[in-house]
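Participant: Quick one: the structure is below, and I'll ask about it shortly.
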Amino acid sequence: MRKTDLVKQLCTLGELNRVQADDVVEAIVEQVTNALARGERVQLPGLGSFAVRHRKAHTGINPQTGQPLRIAAKNQIFFKAGKRLRDPFQHKE
């Protein structure tokens, strides 16, 4: 699903026109992005949680040359799926 598909779904579910639905999606993305930039964890029940984790600098290997290379430290976004999102994908035997 793309953003435009999500906007269309919001239009059919609610009493929003296309511009209002697009504004809602943009506002949600902006608020989640801002919270993560502040280092906060974002939890969306049923969907999951987003968090920022710091990855230390480490040495990797260039797959083309086999030479070691230094990979810089960075912050990375991690997503952990919520139970309701995971359950449809569980194998039930």
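The values are calculated or read from the model by the stated rules, or taken from the named source; none is laboratory data. From a predicted model like this one, the values you see are computed outputs, not experimental measurements. Here the Cβ positions follow ideal geometry from the backbone for every residue, glycine too, while neighbour counts run over all protein chains shown. We work out accessible area using only protein heavy atoms, side chains counted, and drop any ligands, DNA or RNA first. Shrake-Rupley method; radii C 1.70, N 1.55, O 1.52, S 1.80 Å.
Participant: Taking region 54-69 only, how many residues are open to solvent by less than 90 Å² (accessible area, probe 1.4 Å) and in a loop (DSSP other than H, G, I, E, B)?
Facilitator: The number of residues fulfilling the criteria is 4.
Participant: May I ask you to list pairs of residues, at least six apart or on different chains, whose Cβ atoms are under 8 Å apart, with the first in region 36-62 being closer than 17 Å to residue 82 by Cβ and in contact (Cβ under 8 Å) with a residue 24 or more places away in the chain and the second being part of a loop (DSSP other than H, G, I, E, B) and open to solvent by 30 Å² or more (accessible area, probe 1.4 Å)?
Facilitator: Listed by first residue and then by second, the contacts come to 49/41; 50/41; 51/41.
Participant: Can you name every residue in region 70-93 that is modelled with pLDDT of 85 or more, assigned to a loop (DSSP other than H, G, I, E, B) and not hydrophobic (A, V, I, L, M, F, W, C)?
Facilitator: 82
Participant: Take the residues of region 1-15 that are part of a helix (DSSP H, G or I) and of a type in the set (D, E, K, R): which is surrounded by the most Cβ atoms within 10 Å (Cβ to Cβ)?
Facilitator: 8
Participant: Given the conditions (1) touching a helix residue (DSSP H, G or I) at 6+ places or on another chain (Cβ under 6 Å); (2) modelled with pLDDT under 95; (3) β-branched (Val, Ile, Thr), and given that residue 12 satisfies all but one, which numbered condition is not satisfied?
Facilitator: Of everything listed in (1) touching a helix residue (DSSP H, G or I) at 6+ places or on another chain (Cβ under 6 Å); (2) modelled with pLDDT under 95; (3) β-branched (Val, Ile, Thr), residue 12 misses just condition (1).
Participant: Next question, about the same structure. Report yes if residue 51 is aliphatic (A, V, I, L, M), exposed (fewer than 11 other Cβ atoms within 10 Å of the Cβ) and modelled with pLDDT of 95 or more, otherwise no.
Facilitator: Taking the combined requirement at face value, the residue does not satisfy it.
Participant: Could you say whether any residue in region 83-90 is within 25 Å of residue 9 (Cα to Cα) and loosely packed, with under 10 Cβ neighbours inside 10 Å?
Facilitator: Checked against the condition, which is being within 25 Å of residue 9 (Cα to Cα) and loosely packed, with under 10 Cβ neighbours inside 10 Å, region 83-90 yields at least one hit.
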